[in-house]
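J.: Sharing a structure with you now.
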């Protein structure tokens, strides 16, 4: 390096032999897919992508193994989707099936978060965090380790089939399938106690559904990340198609600066930059693109804003001694301002981002608030509808109720049920020999829903109309947990 | 030999040769994913034909190599369900209704089984909620013409009332007008007295029909109209009336008598079902 002069270096920018296979003019509907051989760039965004991949994969593979003590009667896995019990555990949060609205809320928050981040920074989800991107990146890296970078991969694919080619291709596909198995394997650990299931898996004693799920996800991982790759983003994913609805002229997008780059062309070392733009047309930005586009053509549906072309171009700009940022995260408004020579401004606070962030924060506060203030006790009461009521021999009226109590505590609790709102009302618990009384003790097991049949009797004189209000109250032994249910007591029509 | 069709000038793609009002159809190839899915479906169908029942024959259908049958599936599931229920059914068969009531598991099973048997065999008269109707007793309340203990209910269900069975519950209320045992005027007085019985509190002995009631009715219905379940004579001093409690209905009852019939279920239903029905009816709220 030291012996080479800087002039030599500058002249050593070769033009990549590459065509953007997904460019608009090369996008016929009926054609076999052309393989993309992305070259690996070095730079800030490649490093961010490595870091994001490491963190996300670590979270995905390791999270089911994190333990979280919940006491005797609950699983000790931090994140667990317990399908047989229909319960979801997430560290200190426990969601029962009737609280499915928390899931809905989570999905809405996730959607709003996606809208918000997209309106600010474009498709950063696609570029850095989407599983399709992360696993494709991982599979691409395996391919690169086994077969070499872009040019050697192209050479290998063009080469005649021989021992070396077969060995390399086999190694690559075997590693891909192994990653697929691990990926599908990690998924099922979210649905059962991970150490137990792991033991069952290797002894071939796990339920068939575990193996089927693993096989399916192995197949999809291999297919999507290994074979289909950018086609998933271009043809399958709906988000790519409606992203533009979230963009405006202040959204930060990976953009080529045509006013600086054009007219593009080869640059001889030492020649003046007066007559030409900074783009030396080396096509490195096209060679590194995993989506097979040329960013210099402007915004395109295929672009996942992975920013690898920024890394590639900045490297070239350094070599030719021009300022970096010919391709950069930029907004449409700034691009326009630069062309007209105005001062480029960044507008983060705009109606769109304010609305998204307000909704996002508001909904998050509502969900967290209700999550932390919710009771670990719930009572629901179903009144018998057939018969509506029964008149007893002494003329009093009896109604039947099914009282369901959900005890979300991990311990057995006794609840005292009392009635309110109806003068002279007494009750009897079916299956209990106790005579009519004004309060009944109901015992509910840990993490359980218990159902009780209650007959409530009231004198005819205390009923004002065919339907009287009746409240059922439950309170536990310490008085901390209590809940109320408003129901009605039916009797004959007055008069 | 395939015919050569003209090529479309703009796209350079061959047309199918079909033309409608000047519009020509391009002969584009099928999308490959679609084509392969189509081939896969054909392959699937061929495999399916071999493995599963698929073709009608003159006398039946092709059975397939796997010998799969939905009827066999159903039979398996039914027998599996039966074997799951066997412990309960055996327990109910061995236990008396009182023992069933004392055992939580057996009671819950019997109530569920009794509920479905009731819907099948009893609800036509007694109503889906056992709420009864005119002439058909409400089984939820606390008055029982023939007794509300488990044994009484079991006997009533098994042998019926005025049914064609030697152990059937039998009684015969006289038709006081038809049999010329009372005059219409006397009947009206008795009806007024009976009506006042259920209101309670009033000086009932003073009512004009009191003496007539003592003479004609008290032997079955009791001196105060409290009823005698052993005789199937309903209580008359409460708010529950099988055939209506206003004077008009009472006059009709006394004049013409009532003799509702309930069939005997022994022989039609097995003993296990009868016990389940007994426990279910007892659980409705009026069981004694």
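None of the figures in this text is laboratory data; all of them are computed from the coordinates on show. Just so we're clear, the structure is a prediction, and the values are computed from it rather than from any experiment. Every residue, glycine among them, receives a Cβ derived from its backbone with ideal geometry; neighbour counts consider all protein chains shown.
J.: Rg and Dmax of region A:377-490 over Cα atoms: what are they, in angstrom?
T.: Radius of gyration, then largest Cα-Cα span, for region A:377-490: 14.1, 44 Å.
J.: Quick check: pseudo-label points 7 Å beyond the Cα along Cα→Cβ at residue A:477 and residue A:61, how many nm apart are they?
T.: It works out to 4.9 nm between the two label points.
J.: Along the three principal axes, how long is region B:1-97 when you take its alpha carbons, biggest first, rounded to the nearest angstrom?
T.: Here the spans come out as 92, 33, 25 Å, largest first.
J.: Please give the helix B:104-121 orientation as an angle from the longest Cα principal axis of chain B, in degrees from 0 to 90, rounded to the nearest 10.
T.: 90 degrees
J.: So, one more: Place a label point 7 angstrom from the Cα of residue A:15 along the Cα-to-Cβ direction, then list the residues of region A:258-292 whose backbone nitrogen is under 17 Å away.
T.: The answer is A:262-269, A:276-288, whose backbone nitrogens lie closer than 17 Å to the label point.
J.: So what's chain B giving for Cα Rg divided by 2.2 N^0.38 Å, two decimals?
T.: For chain B, the normalised Cα radius of gyration is 1.91.
J.: Right, next: Taking R0 as 51 Å, what FRET efficiency do you get between residue A:382 and residue A:227 from their Cβ-Cβ distance, rounded to the nearest 0.05?
T.: Efficiency computed from Cβ-Cβ geometry: 0.40.
J.: Express the Stokes-Einstein translational diffusion coefficient of the protein assembly as shown in µm² s⁻¹, to the nearest whole number, given a Kirkwood radius over alpha-carbon pairs, 4 °C and a viscosity of 1.567 mPa s.
T.: It comes out at roughly 36 µm²/s.
J.: Mind giving me the FRET efficiency for residue B:73 and residue B:167? R0 is 45 Å, r the Cβ-Cβ distance, nearest 0.05 is fine.
T.: 0.55
J.: How shielded is B:20-29 by partner chains, expressed as the average number of their Cβ atoms within 10 Å of its Cβ atoms?
T.: Averaged over the peptide's residues, the number is 1.
J.: For region A:358-459, what is the relative contact order in percent, using Cα pairs closer than 8 Å and at least 6 residues apart in sequence?
T.: Computed over region A:358-459, the figure is 30 percent.
J.: Still on this structure, I have one more. From the mean inverse distance of alpha carbon pairs (Kirkwood) and the Cα radius of gyration, derive Rg over Rh for region B:184-256.
T.: Looking at region B:184-256, the ratio lands at 0.92.
J.: What angle, in degrees between 0 and 90 and rounded to the nearest 10, separates the Cα long axis of helix B:150-159 from the longest principal axis of the Cα atoms of chain B?
T.: The angle comes out near 70 degrees.
J.: Pop the C-beta distance of residue A:72 and residue A:355 into the FRET formula with R0 = 60 Å and round what comes out to the nearest 0.05.
T.: Computed FRET efficiency for residue A:72 and residue A:355 comes out at 0.80.
J.: Rounded to the nearest 500, what is the 222 nm mean residue ellipticity of chain A from helices alone, with -39500 (n - 2.57) per DSSP H run of 4+ residues and division by all residues?
T.: Only helices count here, giving -11500 deg cm²/dmol.
J.: When 1/r is averaged over all different Cα pairs and the result inverted, which Kirkwood radius in Å belongs to region A:26-174?
T.: 19.7 Å
J.: Also: For region A:254-382, what is the largest minus smallest coordinate of the Cα atoms on each principal axis, given in angstrom and ordered from greatest to least?
T.: That works out to 86, 34, 23 Å along the principal axes.
J.: Could you state the number of Å between the C-alpha centres of region A:356-370 and region B:28-71?
T.: If we compute the Cα centre of each part, the gap is 52 Å.
J.: Roughly how many Å is it from the Cα centre of region B:131-179 to that of region A:110-160, as a whole number?
T.: About 81 Å separates the Cα centre of region B:131-179 from the one of region A:110-160.
J.: Along Cα→Cβ, 7 Å out, is where each label goes; now give me the distance between the ones at residue B:90 and residue A:273 in nm to one decimal.
T.: Spacing of the two 7 Å Cα→Cβ label points: 9.3 nm.
J.: Which value in nm describes the separation of the simple spin-label points at residue A:90 and residue A:373, placed 7 Å from the Cα toward the beta carbon?
T.: The modelled label-to-label distance comes out at 2.0 nm.
J.: Tilt of helix B:70-94 relative to the longest C-alpha principal axis of chain B, in degrees (0 to 90, nearest 10)?
T.: Orientation of helix B:70-94: about 30 degrees from the principal axis.
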